Amino acid sequence: MGCPEQICHHGALTVPRAPEQLQETTQLNSSTCWFDLDSRTLIRISGRDASTFLQGQLTQDMATLGPDRALWAAHCSPKGRVLATFLTWQTTGTYWLYTPQNVADSIVRRLRMYVLRSQVSVEHMGSITPCIGICGPTGDHFWQSMGWPVLPLPGHHDTVLDIMRVVLSPERVLLAGTPDAMAALKMHCSTAMA
């Protein structure tokens, strides 16, 4: 499945394919695009007590969140009402919460209220860690053209050259990283998908 045209920056992915792959490509709809995720942002939770802290604040069991897994979680009010949902993952002692931009500041304030004496830092990353999405069949050749390893399985993530890749499905990938790394990635996407 490709992306709707209204969110595509750069149309179809034009990468040479082997003749035996052409029939498969035609059937899969080879439209691939990238787009800025300005309406979404990251919250970074770090510190010695981050796992224990999040265990008490989110609906997901943090013990099941391994170093390469990405899982959905929610933060609820004391009455049990969902205040925000997150895609969450962990990288070397740091937890990342991917959430809508319009609720991030209020969620950061709420989480900080519960830090108390825990060794935890809660930060809204905003423009410090921009995010983009890639939608459509990229294939291993797209990632290898940048010298990157193939994508992990859906529901997993990895980090390559200061960019976190979170695989939501075989055709949906969330990418987040430093502004410089993301600018370089956008340039590559622009040329590869022109």
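The values are calculated or read from the model by the stated rules, or taken from the named source; none is laboratory data. Owing to the predicted nature of the structure, the values given are computational and were not obtained by experimental measurement. Ideal geometry is used to build each Cβ from the backbone, glycine not excepted, and the neighbour counts take in all protein chains shown.
Determine which single condition T85 fails, assuming it passes every other condition in (1) under 22 Å from L185 (Cα atoms); (2) touching a Pro at 6+ places or on another chain (Cβ under 9 Å).
(1)
If a residue has to be out of contact with any helix residue (DSSP H, G or I) (no Cβ under 9 Å at 6 or more places or on another chain) and not hydroxyl-bearing (S, T, Y) to count, how many in segment 45-75 make the cut? Spell out the reasoning first.
Residues of segment 45-75 out of contact with any helix residue (DSSP H, G or I) (no Cβ under 9 Å at 6 or more places or on another chain): 46, 48-49, 56, 58-59, 64, 66-70, 72, 74.
If we keep only those that are not hydroxyl-bearing (S, T, Y) as well, we get 48-49, 56, 58, 66-70, 72, 74.
So the answer is 11.
Among the residues of segment 115-136 satisfying the criterion of being over 20 Å from L58 (Cβ atoms) and surrounded by fewer than 18 Cβ atoms within 10 Å (Cβ to Cβ), which is modelled with the lowest pLDDT?
Within segment 115-136, the match that is modelled with the lowest pLDDT is S127.
Could you list all residues from segment 77-93 that are under 17 Å from V122 (Cβ atoms), modelled with pLDDT of 90 or more and exposed (fewer than 14 other Cβ atoms within 10 Å of the Cβ)?
Within segment 77-93, L83 is the sole residue that qualifies.
Within segment 64-81, which residues are part of a strand (DSSP E or B) and of a type outside the set (A, V, I, L, M)? First the steps, then the outcome.
Initially, segment 64-81 is screened for residues part of a strand (DSSP E or B), giving 69-76.
Selection gives R69, W72, H75, C76.
For segment 82-194, which helices (runs of 4 or more DSSP H) that fit wholly inside it have 3 or more residues that are under 17 Å from I45 (Cβ atoms)?
Numbers: elements: 101-113, 139-144, 179-192.
Helices (runs of 4 or more DSSP H) meeting the threshold: 101-113.
Condition check ((1) at negative phi; (2) under 15 Å from the mean Cα position of the chain (by Cα); (3) surrounded by fewer than 19 Cβ atoms within 10 Å (Cβ to Cβ)) across all residues:
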| position | (1), (2), (3) |
| --- | --- |
| W143 | yes, no, yes |
| W148 | yes, no, yes |
| P152 | yes, yes, yes |
| G155 | no, yes, yes |
| D158 | yes, yes, yes |
| R165 | yes, yes, no |
| A176 | yes, yes, no |
| C189 | yes, no, no |
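What are the residues in segment 95-143 that are within 20 Å of D68 (Cα to Cα) and either free of Cβ contacts under 8 Å to residues at least 60 places away in the same chain or of a type in the set (D, E) (or both), if any?
Kept after step one, since they are within 20 Å of D68 (Cα to Cα), are these residues of segment 95-143: 95-99, 129, 131-134, 140, 143.
Once the filter is applied, which keeps residues that are within 20 Å of D68 (Cα to Cα) and either free of Cβ contacts under 8 Å to residues at least 60 places away in the same chain or of a type in the set (D, E) (or both), segment 95-143 yields Y95, L97, T99, D140, W143.
Where the second residue is part of a strand (DSSP E or B) and surrounded by fewer than 16 Cβ atoms within 10 Å (Cβ to Cβ) and the first is of a type in the set (D, E, K, R) and lies in segment 156-167, which pairs have Cβ atoms under 8 Å and are six or more apart or on separate chains?
Once the first residue is of a type in the set (D, E, K, R) and sits in segment 156-167, its partners that are part of a strand (DSSP E or B) and surrounded by fewer than 16 Cβ atoms within 10 Å (Cβ to Cβ) give R165/T159.
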